[in-house]
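The values are calculated or read from the model by the stated rules, or taken from the named source; none is laboratory data. What you see is a predicted model, and the numbers here were worked out from it, not measured in a lab. Here the Cβ is made from the backbone with ideal geometry for all residues, glycine too, and neighbour counts use every protein chain on show.
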Amino acid sequence: MEPAALLLAVGLGLVTAASAGHTAVECWFVEDAGRGSLAQRPAALLLRPGPQGPPPRPDLDPKLYLQVEDPTGTLQAAFRRYPRSTPAPHCEISRFLPLPASSSWLRGLTPEQSCPQALNGAWLMVSMSSSVFSLSILLQPQPEPQQEPVPITKATVVLTVLSHTPALRVQLGQDAVVDLSFSYMPPTLEAAASLPPGPPPFGLEWRRQHMGKGHLLLAATPGLGGQMPAAQEGAVAFAAWDDDEPWGPWTGNGTFWLPAVQPFQEGTYLATVHLPYLQGQVTLELSMHKPPKVSLMPAPLVWAAPGEAPPELICLVSHFYPSKGLEVEWELRGGPEGYSVKAEGQRWFSSLHHHSDGSVSLSAYLQPLPVTTKQHGARYACRVRHPSLHASGRSAEVTLKVAGLSGPSIEDGIGLFLSAFLLLGLIKALGCVAAYLTMCKDSEKKTQ
Ligand SMILES: *[C@@H]1O[C@H](CO)[C@@H](O)[C@H](O)[C@H]1NC(C)=O
């Protein structure tokens, strides 16, 4: 979307039911139904109740109609920025069980052996994805729904992990900067009071999914030390809390930076933020592209006699990525029809040439049909379409001159004259050299 359009859409407001003064996000509650199958039931998150209070939702189980309290404001802010023209996010809710992280480098996060009391009770994990963000929240719902004024369950956001680059497209060879932020509000004040003031230790982990496994690219536990796995592929993350308020809420930055990306790095990335016993994870897609350079040979003119075919034309389409989705069309522009038509003739492609940066090149050929005098001055063009280019693609052209039609132009005349002049000079010079050499030989003979 164009920046201007985005601004406009942001100005227009919220996702669903904004006119009624409240904002609700429709979700699915997914749970294990046994024997490897999943059951899903409708659920909704009410982000803003509106002046009349929560609208009744008799269609929902009151335990799955959640009125969300968001002490850090991160979720609310993400929805305030949500463009109205964008389809609502896909939203899925599941149960969450607080557990210590399994990786050894994260052991420092949970030195005590048991899960603190404050984390007891039910937890829900909400995952939302759309083209504008990828978001994960941990919710602590109240044990029972309230019945008045409408049956609904209040739930408090504890951890939010958010990325505004859910599907990042980067030019091959450039750096990928993948946005990630997180925010945390301890579940209860008693829990916070038992810990030293200030933001808690956290762990940040970036993985790329590869053959069903998460390949660890970067692990960080700022301030915890310990034996850390080395960062891979030159990856760097900005892993820090933004503020050091004594009691929260806190927001942090886990933005990930991957230098000079190559095709093997395309794929699904998982970012996980670990807090003691709590985790939030978002998935993102990284893809790459590189627009082709297009040139046409011969250039800038091609000659043919009336009734004869011009020489074959070669359209060089170079250094593009991915190799999929490339189309080459041949056009004849400004011919007797006055507009652009498909250029007829035999056409074929070379095989792909692979470059060390992962991009590819190929050549498209056209053997044009014999020309008529009426086609003098028309242009052959190759038009290249590729997902990395605008819909109209990119083209290169060459002008057709039909020999003996309009006679040589002034420029051609000057060119001919100059060539003749130079040729004459060259012949003369060669003549002199020849004459000189004979002379020398003669003189040598004489001196012997
Ligand atoms: C996170 O850090 C990156 C790198 O310094 C910065 O560009 C970005 O603006 C930060 N994000 C937030 C939300 O502060």
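Being within 21 Å of Arg107 (Cα to Cα) and within 16 Å of the ligand (Cβ to nearest atom) is the requirement here; does Pro199 meet it? Before you say what the answer is, go through the steps one by one.
Details: within 21 Å of Arg107 (Cα to Cα): yes; within 16 Å of the ligand (Cβ to nearest atom): yes.
It is true that Pro199 is within 21 Å of Arg107 (Cα to Cα) and within 16 Å of the ligand (Cβ to nearest atom).
Pull up segment 304-352, narrow it to residues that are of a type in the set (Gly, Ala, Ser) and in a strand (DSSP E or B), then point me to the one that is nearest to the chain's Cα centre (by Cα). Don't jump to the end; show me each part of the working.
Going through segment 304-352, the residues of a type in the set (Gly, Ala, Ser) turn out to be 304-305, 307, 309, 318, 323, 325, 334-335, 338, 340, 343, 345, 350-351.
Keeping just the survivors that are in a strand (DSSP E or B) gives 304, 318, 345.
Values: Ala304: 46, Ser318: 21, Gly345: 38 Å.
Result: Ser318.
Tell me whether segment 229-237 contains one or more residues that are modelled with pLDDT under 95, within 13 Å of the ligand (Cβ to nearest atom) and farther than 23 Å from Val158 by Cβ. Yes: segment 229-237 contains one or more residues that are modelled with pLDDT under 95, within 13 Å of the ligand (Cβ to nearest atom) and farther than 23 Å from Val158 by Cβ. Pairs meeting the criteria (first residue in segment 160-186 and among the charged types (D, E, K, R), second residue assigned to a strand (DSSP E or B) and within 14 Å of the ligand (Cβ to nearest atom), beta carbons under 6 Å, at least 6 apart or on different chains) are Asp179/Ser163.
Within the option set Val328, Val341, being at pLDDT below 95 and either touching a helix residue (DSSP H, G or I) at 6+ places or on another chain (Cβ under 6 Å) or more than 27 Å from Ala260 (Cα to Cα) (or both) holds for one residue only, Val341.
One residue stands out in segment 175-189 among those that are at pLDDT 95 or above and away from the ligand (no atom under 11 Å from the Cβ): the one that is nearest to Ser94 (Cα to Cα), namely Ala176.
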